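The values are calculated or read from the model by the stated rules, or taken from the named source; none is laboratory data. The structure displayed is predicted, hence computed values, not measured ones. No Cβ is skipped: glycine too gets one built from the backbone with ideal geometry, and neighbour counts run over all protein chains shown. Just so you know, the surface numbers come from the protein's heavy atoms only, side chains and all, with ligands and any DNA or RNA stripped out. Shrake-Rupley method; radii C 1.70, N 1.55, O 1.52, S 1.80 Å.
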Amino acid sequence: MTIISNNLENNSEQSYNLQFLGSGKEWFKIIIINWLLTVLTLGIYYPWARAKSLRYIYGKTVLNNEHFHFSGTGKEMFRGFVKVLLGYVLLLILIFVISLITPILAIIVLYLVAFLFIPFAIHGSFKYKMSRTSYRGIRFGYRGERKEFILNFIKWLFLSIITLGIYSFWLEMNVRKYTHENIRYGDVEFTNTSDGGDWFIVMLFGYIKTIFSLGIYVFWWQRDIFEYYINNIGMKKGDQIVKCHSTATGGDFFELIMGNLFIIIFSFGLGIAWVDIRTQKFIFDHIKMEGNINFSEISQTEEEYKDAFGEDAMDFFEIEI
Amino acid sequence: MKNIKADYFDGITSNSSLSKLSYNKSSNEFFIKNQEGKSFSWKLEDLQFNRFENLIEIRNEKYSNALLKINNASFADDFYNLMKKNNRVDLHSLLFNLSFIKILGIAIFLFSLLGLSYFYIIPPLAEKSIDFLPESFDNQIGNTLINPIVKHLDINKEKTKYINQFVSKLDLGNSKPLNFKVINSNHVNAFAVPNGEIFIFTAILEKMKDYDELSALIGHEVSHINFRHSTKMLSSNIAGYMLISLMFSDINGIMSVMLDNAHQLNSLSFSRKHEKQADEEGLNILIKNNIDPNGMVNLFELLKNEEKEKFTIKGYELIGPEITSSHPLTQERINNIKDIISKSEYKIEKNKKLKEIFKKLKK
C-alpha cells in the first residue's frame, strides 16, 4: 500500500504516526544469537552483533508505515573497532613511557587525551550513524565540522571546570544543539532550541522537588527531562516545519520505570530484552509530531560517507548520548 | 515470482512508485518495471533484504539507497527461500528463524557454560597460570600495595630486631627472603604482603601466652606468601572479570551491578579457601619445627573474640591476607585444625631460645 501524495498542498497539515514495532521475544532472540556467536568467535563477532542489533532497532522503527533502515555492516564496524583498539594500545604505551619519566605528566596527558577523545567520538558517531540511516530511500547525514566541534567542546569543558561544574548544563545542551542542528534528512534540516539556562532550571527544580517529596517526584522529574529533550527537537524544510512534543506524564514514567525494575528483578536480569523494547516503545509512543513537511517529497542531498571510527569509539568507551 | 506488485523508492527522492517485479531463474535476475513502463534489472548476488513478517524490503548493494518494498505473504516466503538457496541468508538470520524455545535453550546452555567455566575451569587455570609469573611479580605488587601505607605505620625497631631473631630459628620453607616488622598498634592483627614483608602488631603479641602461638601466627602468614595467595587471587579475579565482560559486553547497569556482587561473593569464598590452606600449611610448619601444633588452636581461641570490624590505617584499607577482620575465625576453622592435629604425628621439643626471644617480645 502506497500513498502518493504529490498533489497535497505544500502547507497543509500532515499527520505523522511514529511507532516502534519491536517485540521482546524477537529482541531476546537477537541478543542470545549475538551472544552465542560472540562467545564462539572469542569476541570477534562483536561488531557484526552491533550491526545486527542496530538494524533490528532501526528496522522496527516506523513512521507512517515506512520502516527506517540502518545500512551499517559488521565489516565496517570491525575496521573501526580495530582502529580504536590500536589507538588505545598506542595510547597505553605512550602513557607508560611518559610515566617512566614523570608520572604527573602521564596523568595530565591521559586526562587530556580522554577529554579530547569525547568530542572526537561524538562527532564520529554522529557522522557514521547518520550516514547509515535511511528512510524512504533517503539518507540521513551529519554536517558538523570536526575541528569546530572539538574546539567548541574544549571551550565548554573549560568553562565547566572553572565554574565548578555549573556550566556543564550548558555544555550538555550546547552539544545537543550543535549535533542535532547538523543532522539532515535529505533536504530536511533538524532544529534544536535547547538552552543551557532552561535546562539548568529543569534540573535544579527537579532536584529540589525530588528531595522535598522524599523521592516521589523523581518520576515527574523524568517527565520534565524527557519533555525538555523532545519539545526542543524540530525539523524544517524551507518554510515547512515539524515540531515534536512529549505526551508522557509522570504516571506514565512511574509505570515504565517500576515495570522495568519489576521485570529485571523477577527475571534475574533475563527480562532485559523486554525492558529494552518496552522503553523504546514508550519513547516513540510518547513523541507527537506536528507540522507540514511531507516526507514523501524529500530529495537526496547527503553524500555517502565511509568511516566507522567514531561508532566503535563511542561503544568502546561506553559514552551515551 | 511474476508480476509482483512492489513499491519502488529510487533513492533520489522519497517518493515511491508502483512497480512490477519478476524473477528470471536462468539469469538469476529480478526485472523491475515501473509505472511509466521503464524497466531495469537487479542481480540476485547484489541483493540485501530485511523481512518484517510478510513485508520484504530489498536493497541493492550497487545502488545503496534504492529500495523495493513488497507486502505479500507468498512472495515473502518464496523470496526468502530463494535467497536461502543462494546462500544469501547469513548465519545470524538463519538462527533467528529458530523457535523461541530453542533460543531459550541456547541461552540456558550459554549460562551453564559460563557458570561452569567461571566456577570450575577458570579458577584452577588462573591459579596454574601464575607459575608463569616470576616471583619478582609478587614483589612488585607487594611494593605497590604497601609503599603508600608503610610511612603511616609506627615500626617498633627493637621488637622488629627480636622477631627477626625469632624467625631465623625456624624453618619456614620459604622460597624468598622474608622481612618481619613489629608495629606499635592496639589493633589485634597481623598481615602478610606478597613481597615477603610480614607485619605483626604489638597488641597481638601482648595477647599471646607462649612462643608456640607466635610460631603459629608466623606459620600462617608465611604460608600466604609461600603459596602466593595474593597473586593467585589477583589472577583469578582478572580472569573472572575477563570472562564476565566477554560474555556480557552488551549488558546494562543493573545487570552489571548484580554480576559484580556475585563476583565479589565468589572471590570471598576463594579467599576463605586460601585462609584454610594457610592454617593447614602453618600447622605443618609448626610440626616441622617440633613446636606444639596446639599453638595454632590457642592462637585462634584467643583471637576468636576479637573485634571483627574492618580497620584502616590513615584511610588505607588493610591489604594482603590478614589474620582477623575480613575472615572471622569461625569455629569451623578451629575444628578443622583440631581434627588435623588429632590425625598427625608430631613431637614437641622445648625450645629455650625461642622462649627467651618471645619473652623479650612480650615486654
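Quick rundown of the values:
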{"quantity": "Flag if A:Gly234 is within 30 Å of A:Gly124 (Cα to Cα) and either at pLDDT 95 or above or hydrophobic (A, V, I, L, M, F, W, C) (or both)", "calculated": "yes"}
{"quantity": "Selection within segment A:250-290 - surrounded by 18 or more Cβ atoms within 10 Å (Cβ to Cβ) and touching a Lys or Arg at 6+ places or on another chain (Cβ under 6 Å)", "calculated": "A:Phe253"}
{"quantity": "Conditions (1) outside any helix (DSSP H, G or I); (2) more than 11 Å from chain B (Cβ to nearest Cβ); number of the one not met by A:Val62", "calculated": "(2)"}
{"quantity": "Search result, residues across segment A:116-126 that are open to solvent by 20 Å² or more (accessible area, probe 1.4 Å) and at pLDDT 90 or above", "calculated": "A:Phe126"}
{"quantity": "Segment A:173-202: number of residues that are part of a helix (DSSP H, G or I), open to solvent by 40 Å² or more (accessible area, probe 1.4 Å), within 26 Å of A:Ala121 (Cα to Cα) and not charged (D, E, K, R)", "calculated": "1"}
{"quantity": "Residue within segment A:36-46 that is under 19 Å from B:Asn50 (Cα atoms) and within 7 Å of chain B (Cβ to nearest Cβ) present", "calculated": "no"}
{"quantity": "Some residue of segment A:75-87 being within 19 Å of B:Arg59 (Cβ to Cβ) and either at pLDDT 90 or above or away from chain B (no Cβ under 13 Å) (or both)", "calculated": "yes"}
{"quantity": "Some residue of segment A:139-147 being in a helix (DSSP H, G or I), under 30 Å from A:Leu18 (Cα atoms), in contact with a strand residue (DSSP E or B) (Cβ under 8 Å, 6 or more places away or on another chain) and open to solvent by less than 80 Å² (accessible area, probe 1.4 Å)", "calculated": "no"}
{"quantity": "Selection count where residues are under 30 Å from A:Gly186 (Cα atoms) and in contact with a Phe, Trp or Tyr (Cβ under 7 Å, 6 or more places away or on another chain), scope segment B:65-119", "calculated": "3"}
{"quantity": "Residue satisfying condition, being assigned to a helix (DSSP H, G or I), buried (at least 18 other Cβ atoms within 10 Å of the Cβ), within 9 Å of another protein chain (Cβ to nearest Cβ) and not β-branched (Val, Ile, Thr), within set B:Leu145, B:Leu113, B:Leu95", "calculated": "B:Leu95"}
{"quantity": "Flag for A:Gly165 being exposed (fewer than 15 other Cβ atoms within 10 Å of the Cβ) and over 21 Å from B:Ser14 (Cβ atoms)", "calculated": "yes"}
{"quantity": "Some residue of segment A:91-98 being open to solvent by less than 40 Å² (accessible area, probe 1.4 Å), in contact with a Phe, Trp or Tyr (Cβ under 6 Å, 6 or more places away or on another chain) and at negative phi", "calculated": "no"}
{"quantity": "Options B:Asn184, B:Asn226, B:Asn179: the member that is free of Cβ contacts under 8 Å to residues at least 60 places away in the same chain and more than 24 Å from B:Gln277 (Cα to Cα)", "calculated": "B:Asn184"}
{"quantity": "Answer residue from segment A:215-236, given it is in a helix (DSSP H, G or I) and among the aromatic types (Phe, Trp, Tyr) and is surrounded by the most Cβ atoms within 10 Å (Cβ to Cβ) among those", "calculated": "A:Trp221"}
{"quantity": "Elements of type strands (runs of 3 or more DSSP E) in segment B:1-90, at least 1 residues being within 13 Å of another protein chain (Cβ to nearest Cβ)", "calculated": "B:4-9, B:16-24, B:29-34, B:47-52, B:55-60, B:63-71"}
